[in-house]
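The values are calculated or read from the model by the stated rules, or taken from the named source; none is laboratory data. Remember, predicted model here, so these are calculated numbers, not experimental data. Note: ideal-geometry Cβ built from the backbone for every residue, glycine included; neighbour counts use all protein chains shown. When the accessible area is computed, the model is the full protein with side chains, heavy atoms only, and any ligands, DNA or RNA have been set aside. Shrake-Rupley method; radii C 1.70, N 1.55, O 1.52, S 1.80 Å.
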Amino acid sequence: MKARLLSLVVLWICALVTPLISQSIAPVAEFPFEETVPLKIVREAVPARPFTVIGPRGGVLGRQDGSCEAWVFPWKIFSNLRITAEMQNYPVPIDVNALAAVIEVRPDHTIITFSHAAFTIREVLFAPHNAPDGAGVLAFFQIQSARPITLTFQFTPEMKRMWPAPSDAYPSPEWVASPSGGFYVLHLAFPDHAAAIAMPGAHAGILPPYQEQPKSYPSQLVLNFDPARDGNKLFPLLLVTGDTVADSRTPALAKKLETLQASIENLYEQNAEYYRSFFSNHLTIKTPDKDFNDAFAWAEVAIDQLKVQTTPAHDETALAAGFYPSGDSVRPGFGWFFGRDSLWTLYAVNSYGDFQLTRDEIEFLLRRQSPEGKIMHEWSQTANLVNWSSLPYEYASADATPLLLMATNDYLKISGDTGFVNSHWDSLAKAWNFESSHDSDGDGIYDNAFGTAWVESWIPAMPHQEIYLAALDQQASAAFAELSRATGHVELAQAASQRAARIANLIEKEYYQPANNFYAFSWNADGSRDSSPTIYPSVAWWDGNFKLAHPDGALTRWASAEFSTDWGTRDLSPQVSFYDPISYHEGSVWPLFTGWVSLSEYRTGRILSGYSHLMQNADLTWSEDLGSVTELLSGEFFRWLGRSSSHQLWSSAMVITPALRGLFGLEWNSSEHELTVTPSLPAQWDEAQVSGVPLGNSRVNLTMRRTGAHLVVRLDANSASSVTLASHAIGAKVVKDELLIPLPAVEIGLSHEPPQPGARTSQLKVIDEKYADRSLQLRLSAPAGSRKTLFLRQNLTGNLRIDGATASAGQIIVQFPPGTGYVEKLVTITW
């Protein structure tokens, strides 16, 4: 007992005594930090909306009022950063966060500007790509003030590991004085982990002495700013961690702070340079729609920002699923590694040509493949600190296994990298053996008995086999056949092809319902079907080699207001009794689903609805976490769900993949050095450019331009001699290295814009479009009594007859009849 009391006294004394250490960090001389990368989003700050700044080793997650939490992966260092100000001869405390006026987001940094009549403060946040050991994120502040001002930076010390690893309940903050002011050390009960937080020139705020009763106080850094003395300085907020006993000692942390402070400008410039050169190494587009161009560029950036290094060795790079402020928890959205999320995303990565990232991701997954061959579902950033295999997450889902085969074959088709496939052949074959041998009911299709397919909850009970998984099984079988042929495994290729054909027939037999011309959601263990109308059959068109035999009923309903909101597609029809617009799986809108549906529509000739859904995803770039696309939204009102990961990996991918493979109609065959181009350009566009298209070891630049009655697709001079162009378009032909695609006599175009927050669905829906020899028939739907306008392009001279609408100055105006809810109108154009 006496020993325990003595220990408590020592701790109290340590809290009171302020040691002095020889450490010198100073404010940074001001350097140009604003105009770095041209791509940017500037908006009025909306305090409730999130922002994320993510890099390979850390992130800052917060709200647009500047309040935030900081992570040096896998540690949550602090939360609830807030700023208050006291100005000389101005006796009123000022809540600086309440003054957040503007947020500017660029690929390499984010700036939040706080505006007061007497001062402006800019908070600059970035996550270095080459962060030194123990660091992951950085912030610095530019302060401009008409008077001397005292700023208090207040935060809650956390020092907690990311879920699910255990952490101490509370860290012990200690203020360490130094000639330049000092810094906080956040101690834990164990000596091998600690963090240090500093701001040059700042001193500690609240430091309760041991005589005080126990109470939690925020930690504070107090900065006295004099504009005459400090006006040309930047004040960094420095964070470092120690992960060994030696690194966690105060002198070692002090040295890390000094190193980080000395390298701020260099780290900032490296980040800027990384993104200045980023688009020269990635596919880019240029169209008449600047917003779409920017959304596409941001989608590439948003994916790239989610490349996270594994801890503690930082010897692997893989894609994290998404981030969002963690609040009182230690789960920052889905800030760890998921098999299915990354594999859906690799189709976008392959398309824009980051082959190294694809190889890194596939190898990351294969290193965690089960002994039986199954591909992992989930791997936390702290999985190595717990008995991860004893928890139910690692192999929880079934779909990552077929998706790995599909994504690997997609990589092969674009890159031609048979060496990579050969080097991992045993693992790929093991995945195939697992998928093709795990069929619990003997019907020949991989089923949910070995992990969830898509839904993780369902009413009234979890399904036995979903059409989602059956369609992936078919496409994975075809993909493995192609992988086998490319690597000389002829018998395996034949067996896999036969299996793909057999599954395609089974899907029609088991899932198609002629009575309602739709495909069932699931086939259950008792032999019954769940006929709930969903969007999950749309994945059948994903790989481009498979399609459902009776698609019209589903496609028409997906395009209608039954499924299609003005911000994406619901996964479940509202006509189902358990539809819930704010559920996870029973009626919410996911950009992922919208991307699936958009691509299926482009690949079945329903290009107007495909365009609408693609643009709905693109428009989300500016809706919540600027530059990123959120995870899921309400099925009833235009609003994301409260726990939606605002910077979600596969959501951004669903801007890229439907754009390149749907709107631009790209298909790759690197073994023949052939690029198939079957574009469906919006009627409003005269031309478009797609630059840096990967094909084997080459990059190809395409120009598409309307010329008379044709769309002319040209390769740049450097590509023309080595690349063969092809197209699925009827009547397309190659003439002197140009692809000539006949244009229809008449084309219709749609506008796009996001709805107002909180709005219900009210936009026009094109639920079917059919060209005949000399006519175009549009089946349209809109709210009763509304008036809608479409763009009209006439490619051939002559008179048009329009039934069901009026034409004026290149537009078609449609008046919808009175009634309730959405009503239909048939418009026919003949020539």
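Counting charges near N281 (Lys, Arg +1; Asp, Glu -1) among other residues having Cβ under 13 Å from its Cβ returns a value of -2.
The order of the peptides 512-519, 494-501 by mean Cβ neighbours within 10 Å, most packed first, is 494-501, 512-519. Equivalent-ellipsoid semi-axes for the range 695-790 (Cα gyration tensor, √(5λ), whole Å, largest first): 37, 20, 10.
Per residue, the accessible area of the range 562-715 comes to 24 Å², computed with a 1.4 Å probe over protein heavy atoms only.
Can you give the local net charge around E363? Use residues other than it whose beta-carbon is closer than 13 angstrom to its beta-carbon, Lys and Arg +1, Asp and Glu -1. Net charge around E363: -2. Measuring nothing but alpha carbons in the range 616-675 and taking Rh as the Kirkwood radius, the Rg to Rh ratio lands at 1.16.
Give, as ranges by residue number, the residues of the range 463-490 whose backbone N falls under 15 Å from the point 7 Å along Cα→Cβ of D426. So the set is empty, nothing qualifies. Of all DSSP bridge pairs formed entirely within the chain, close to 95 percent run antiparallel. Per atom type, the chain shows carbon and sulfur on 52% of its accessible surface, probed at 1.4 Å. Sequentially through the range 372-378, phi angles give Karplus couplings (6.51, -1.76, 1.60; θ = phi - 60°) of 7, x, 6, 8, 5, 9, 8 Hz, Gly and Pro residues having no value and appearing as x.
Treating r as the C-beta distance of T797 and S531 and R0 as 60 Å, the FRET efficiency rounds to 0.75. Return the Rg/Rh value of the range 467-570, two decimal places, where both radii are evaluated on C-alpha atoms and Rh is the Kirkwood radius. Ratio of gyration radius to Kirkwood radius for the range 467-570: 1.05. Modelled this way, with points 7 Å down the Cα-to-C-beta line, the labels at A117 and K290 are 3.5 nm from one another. In the range 633-778, the convex hull through the Cα atoms has an average projected area of 11.5 nm², a quarter of its surface area.
Across the range 441-523, the fraction of Cα-Cα pairs farther apart than 15 Å, rounded to a whole number, is 60%. When peptides 272-279, 541-548, 660-667 are ranked by their average number of other Cβ atoms within 10 Å per residue, the highest-first order is 660-667, 541-548, 272-279. Note on the range 51-111: Cα Rg divided by 2.2 N^0.38 Å, N the number of residues, gives 1.34. The residue among T565, A479, I535 whose Cα reaches farthest toward the positive pole of the charge dipole of the chain, with charges on the beta-carbon of Lys, Arg, Asp and Glu, is T565. Dividing the convex hull volume of the alpha carbon atoms of the range 546-626 by its residue count gives 100 Å³ per residue. Calculated FRET efficiency, K547 to E316, Cβ-Cβ distance, R0 = 35 Å: about 0.40 to the nearest 0.05. Figure legend: label point modelled 7 angstrom from the Cα of Q684 along Cα→Cβ; residues of the range 278-296 with amide N under 16 Å from it are 286-296.
The N718 and D360 beta-carbon pair, evaluated with R₀ = 30 Å, returns a calculated FRET efficiency of approximately 0.55. With the charge dipole of the range 606-714 set up from +1 on Lys and Arg Cβ and -1 on Asp and Glu Cβ about the Cα centre, the Cα lying farthest toward the positive end among the listed residues A653, S634, P694 is that of P694. Taken about its Cα centre, the chain carries a charge dipole of roughly 1100 debye when the Cβ of each Lys and Arg holds +1 and the Cβ of each Asp and Glu holds -1. Here the range 557-601 yields Rg over Rh of 0.94, to two decimals, using C-alpha coordinates and the Kirkwood radius.
Sorted into 5 angstrom bins from 0, the C-alpha pair distances of the range 316-355 split as 6, 22, 22, 22, 14, 8, 5, 2 percent. The order of the peptides 606-619, 78-91 by mean Cβ neighbours within 10 Å, most packed first, is 606-619, 78-91. Ordering A252, P107, T311 by Cα displacement along the dipole of the chain toward the positive end leaves P107 in first place; charges were set at the Cβ atoms of Lys, Arg (+1) and Asp, Glu (-1). The label point for S370 and the one for S172, both projected 7 Å from the Cα toward the Cβ, are 4.4 nm apart. Restricted to Cα atoms, the range 287-367 shows a radius of gyration and a Dmax of 14.3, 46 angstrom. Report Rg(Cα)/(2.2 N^0.38 Å) for the range 688-744, keeping two decimals. Relative to the rule-of-thumb radius for its length, the range 688-744 sits at 1.11. Beyond 31 Å in Cα-Cα separation lie the following of the pairs K307/K736; K374/K765; K286/K765; K160/K256: K307/K736; K374/K765.
Return the label of the correct value of semi-axes √(5λ) of the Cα gyration tensor in Å, as calculated from the structure shown, out of (i) 67, 32, 22; (ii) 50, 32, 26; (iii) 52, 33, 30. Comparing each candidate, only (ii) matches the computed number. Looking at the range 35-111, the accessible area is 35 square angstrom per residue; that uses a 1.4 Å probe and ignores ligands, DNA and RNA.
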